Amino acid sequence: MKTFSATEFRKQFPLLQTVSDSDNVIYFDNAATSQKTLAVTNASRDFYLKNNANVHRASHFLSAKATKLFEVVRTKVQRLINAKYENEIIWTKGTTEAINLIAQSYGLSFIKPGDEIVISAGEHHANIVPWQHVAQQVGAKLIILPLDEKGIIDLHEAKQLISAKCKLVAINHISNVLGKINPIKELIALAKKHSAKTLIDGAQAIAHLPVDVQELDCDFYVFSAHKMYGPTGVGVLYGKQAILESMPPYQFGGEMIKKVSFTGTSYNELPHKFEAGTPNIAGVVGLGACLDIFIDKQFLPMAEYEQQLCQYLYQKLSKIEQVQFLVNGCPDIPVFSFTCSGFHHQDVATYLDSKGIAVRAGHHCAMPLLEGLGLDGSIRVSLAPYNTFNEVDFFIERLSEFCLGELNEKVQESLAIESD
Ligand code: PMP
C-alpha cells in the first residue's frame, strides 16, 4: 500500500504555506470548508485564461473545448461515487441547493397530505428547513428520528417511527457537529421496506469515506465541492435515473429546454433538465482537479492517517478536565464538538484565534441538535489530512492554558471587553 505523508500533501495547499505575523495558520475549521489545492485554483484560472466559453451551446471550437472540460468532470464524479449513469449527476451550487431541488421538485410533486417525511435530530439546517417548508405546503408531517447517547440515529427508534406513511427519509451520512457515521445502510433498507425514498446528505462524508451509491442503494446522495478541497459554488446531486426522470424541473430558462414556443415548452433530457442557466463552469473544472485525491490509491492511507490524528486528538482532549464532549465516544471522523465548563464557547474560540488557531464556535447550523442537548453553542474543531500531530499538540497546549486560567492579563481584559 502507498504511504501517506501529511507534509507532502500539505504542500499542495498554498494557503497553508502563508505565514501570519508570528506563526503559520492552524486551520481547524475544515468541516465548514476545506482549503483548496493549487491544482484546483490553477484549473479554474486556466479555464478563464485559455478556454473560456459557454458550454453546450455555440458551434465554435472554444465552446466545444469548454464543454469537454466541463463534462469530463461529470464522468469523474460518476466514477467517484459509482453512479450507474453519467446523467444521474446533476450540478448544483452546493448541498443546500441540491436538497432544495429535491424538496421543490420531488417533495412538492410526490408528497401528499397525511404523508410523512422522516429526518433526524442531528440534521444541518439545510436538511431541515426545506422539509419543514414542503410539509407545510402539502400538509405532510415531519417525523424526527432521535439520536442515541453516542450521537448516531437510534435504529431501534427508527424501526418504530418509519411506517407505511413515510414517503421520504432524509438523513445525514455524518453529522457536521458530532462527526459520527450514521447507520445509513440499515436506514435505507428500512425505508425501502415501506417503499419510501431515501436522501443522504453526504456533505461531511464525501472527503472522508469511499461512497458507492449503488451499494448503498439510496435514491439521492448530495454533497458540496468546497468541503473536498474544491471550489465554492459547486455541488452534486446524485439521483437514480428513473426517479430524476419522473421529477419536474426545479428552475426554468435556458439549457433545460428542448423546444420553446408560446403555445408550450418541452424540457431537455437529464441532466440538463435540472441545470437551467449558465453553470459554474470554471468551478466544475476546478473540482475536476482535486478528484484524483479521492480516486488515487493514496486515499486509504490518507484516511488511515486521519484516523490516527482523530484518536490522538480525542485522547488529548479527554485529558483536559474542563472539556465536555457533546456525546460519548471518539468521533468517526475528526470533527469534535465540546464545551469548556466555566467558559463561553465564543471566548474559547476568540482566545484560540489570538494564537492563530481557527476553530468554529456557535450552533454550527444545527440549532435543534444543540437545543436538544441543552446548549446554545459549542466549540467545533475539525481536521483534514493536511493537519499534523504538532498542530494538535500546539492547540492542546493553548486550550489547556486557557482552561487553567493561565492567561496573561491583557488577554483576559480583551476577552472581558468582547463578551460585554
Ligand atoms: N449538510 C451538512 C451535513 C453540512 O455540513 C453542510 C455544510 N456545513 C451542509 C449540509 C450545507 O452545505 P453547503 O453550505 O455547502 O450548501
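Among the candidates PRO385, PRO368, which residue alone is open to solvent by 40 Å² or more (accessible area, probe 1.4 Å), under 22 Å from the mean Cα position of the chain (by Cα) and at pLDDT 95 or above?
Working: PRO385 fails: open to solvent by 40 Å² or more (accessible area, probe 1.4 Å).
Among PRO385, PRO368, only PRO368 is open to solvent by 40 Å² or more (accessible area, probe 1.4 Å), under 22 Å from the mean Cα position of the chain (by Cα) and at pLDDT 95 or above.
Per this entry, LEU145 is not counted among residues that are open to solvent by less than 60 Å² (accessible area, probe 1.4 Å) and closer than 14 Å to VAL236 by Cβ. Would you mind stating whether SER246 is of a type outside the set (A, V, I, L, M), over 19 Å from GLN104 (Cα atoms), surrounded by fewer than 23 Cβ atoms within 10 Å (Cβ to Cβ) and more than 16 Å from the ligand (Cβ to nearest atom)? When the stated conditions are applied, SER246 does not pass them.
The residues of the stretch 280-304 that are open to solvent by 30 Å² or more (accessible area, probe 1.4 Å) and either modelled with pLDDT of 95 or more or of a type outside the set (Val, Ile, Thr) (or both), listed by number, are ASN280, ALA289, ASP292, ASP296, LYS297, GLN298, LEU300, GLU304. Under the condition of being within 16 Å of the ligand (Cβ to nearest atom) and outside any loop (DSSP other than H, G, I, E, B), the residues counted in the stretch 9-64 number 3.
On the basis of being within 16 Å of the ligand (Cβ to nearest atom) and either closer than 21 Å to ILE171 by Cβ or not polar (S, T, N, Q) (or both), does GLY239 make the cut?
no
Among the conditions (1) open to solvent by less than 40 Å² (accessible area, probe 1.4 Å); (2) within 21 Å of ASN30 (Cβ to Cβ), the only one that TYR314 does not satisfy is (1).
Can TYR238 be described as open to solvent by less than 10 Å² (accessible area, probe 1.4 Å), of a type in the set (Phe, Trp, Tyr) and touching a Cys at 6+ places or on another chain (Cβ under 6 Å)? When the stated conditions are applied, TYR238 does not pass them. The sole residue among PHE402, PHE336 that is within 16 Å of the ligand (Cβ to nearest atom), of a type in the set (A, V, I, L, M, F, W, C) and modelled with pLDDT of 95 or more is PHE336.
Output the number of residues of the stretch 101-124 satisfying the condition of being buried (at least 21 other Cβ atoms within 10 Å of the Cβ) and within 16 Å of the ligand (Cβ to nearest atom). Result for the stretch 101-124: 8. In the stretch 174-218, the qualifying residues are those that are of a type in the set (Val, Ile, Thr) and away from the ligand (no atom under 11 Å from the Cβ), and the one that is nearest to LEU373 (Cα to Cα) is ILE181.
The values are calculated or read from the model by the stated rules, or taken from the named source; none is laboratory data. Note that the coordinates shown come from a computational prediction; the quantities given were computed from them, not determined experimentally. Neighbour counts run over all protein chains shown; Cβ positions are idealised from the backbone, glycine included. Accessible surface is based on the protein model in full, side chains and every heavy atom, while ligands, DNA and RNA are left aside. Shrake-Rupley method; radii C 1.70, N 1.55, O 1.52, S 1.80 Å.
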